[in-house]
Amino acid sequence: MHEYNQARERLINDTMLDANDIVKSGMYSGYIAGTLDLGSGILFCPPRNVTLNQAMDVAAKHLKNSPEARDKQVIW
């Protein structure tokens, strides 16, 4: 996810360095959207009006601030 988020950040900042950044960014968006749809009200309770971009920003912040968690697989 960290790699995919980095691709998203490069696209946001207009610093596309890799031809696969668009695909990776889309994978990140899709993963966060799926997690938000699946987990809302079951695994976590986000605010009602949370947007996909806000959820992606929260996930990005966690990835940035917790480098030790980047390579861990989450099993529910």
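Brief remarks on what is shown
- Residue within the range 48-56 that is modelled with pLDDT under 90 and either of a type in the set (Lys, Arg) or part of a helix (DSSP H, G or I) (or both) present: yes
- Qualifying residues in the range 18-76 (those that are among the aromatic types (Phe, Trp, Tyr) and in contact (Cβ under 8 Å) with a residue 24 or more places away in the chain) - the one nearest to Ala7 (Cα to Cα): Tyr28
- Of Met27, Met16, all but one fail to be in a loop (DSSP other than H, G, I, E, B) and open to solvent by 90 Å² or more (accessible area, probe 1.4 Å); the exception is Met16.
- Considering (1) more than 12 Å from Arg8 (Cβ to Cβ); (2) open to solvent by less than 100 Å² (accessible area, probe 1.4 Å), the lone condition that Lys61 does not fulfil carries the number (2).
The values are calculated or read from the model by the stated rules, or taken from the named source; none is laboratory data. Note that the coordinates shown come from a computational prediction; the quantities given were computed from them, not determined experimentally. Here the Cβ is made from the backbone with ideal geometry for all residues, glycine too, and neighbour counts use every protein chain on show. These area figures cover heavy atoms from the full protein model, side chains too; ligands, DNA and RNA do not enter into them. Shrake-Rupley method; radii C 1.70, N 1.55, O 1.52, S 1.80 Å.
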